[in-house]
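The structure appears right after this line, and notes come after that.
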């Protein structure tokens, strides 16, 4: 029964991950950062981290925001009582620099860090950390997953080479819905 419940949650997450890229940004619907918060949460279910990325089997999954936080309470609301890989509770942290972020599993690098982006990403790419951002040149600066608004819709751009180099693994389902950009 527990296995069935976990499969249902994963299928439900996958459905939303597939649906979100085709949902236009509308004033009547969720805001841009509500959608991006849902993306961040769902990404944790479509990336596999090596076991050594966690200090223990039940260590929390650290989802970090580096720089100013554009999400407000959206991430906490979406991730509350959720688990990654069925065992790691999600903890949302705000960090101010790349050194503080090195213990995180997923780091959203805010646009407020634009001037330091290459330095930050060069440092974080040495760890088992998924880096995500929404600045136009995020992938070019060394990021792994970029959110971009294309024709009013949020799209994913992925550097699968960088994900692999960090010993993370992106699921085939995630790679199908994203545009692969290896630079």
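Where in segment 99-140 is the amide nitrogen less than 18 Å from a point lying 7 Å along the Cα-to-Cβ axis of residue 51?
128
Evaluate the distance, in nm, between pseudo-label points positioned 7 Å from the Cα of residue 31 and of residue 94 along their respective Cα→Cβ axes.
1.4 nm
With 10 angstrom as the radius, rank 64, 104 by how many other C-beta atoms surround their C-beta, starting from the fewest.
The most exposed by this proxy come first: 64, 104.
How much length, in nm to one decimal, is gained on full extension between residue 87 and residue 179, taken as 0.36 nm per residue of separation minus their Cα-Cα distance?
So the extension gain works out to 30.2 nm.
Which FRET efficiency value, to the nearest 0.05, is calculated for residue 58 and residue 126 with the Förster distance at 22 angstrom and r the Cβ-Cβ distance?
Here the calculated transfer efficiency is 0.30.
Quickly work out the residue 171-to-residue 115 label distance, labels modelled 7 Å from Cα along the C-beta direction, and quote it in nm with one decimal.
Rounded to a tenth, the inter-label distance reads 4.0 nm.
Every read-out reported here was derived from the displayed coordinates using simple, explicitly stated rules and does not represent laboratory data. For clarity, every value in this text was computed on a predicted model and none was experimentally measured. All Cβ positions, even for glycine, are placed from backbone atoms using ideal geometry, and neighbour counts span all protein chains on display.
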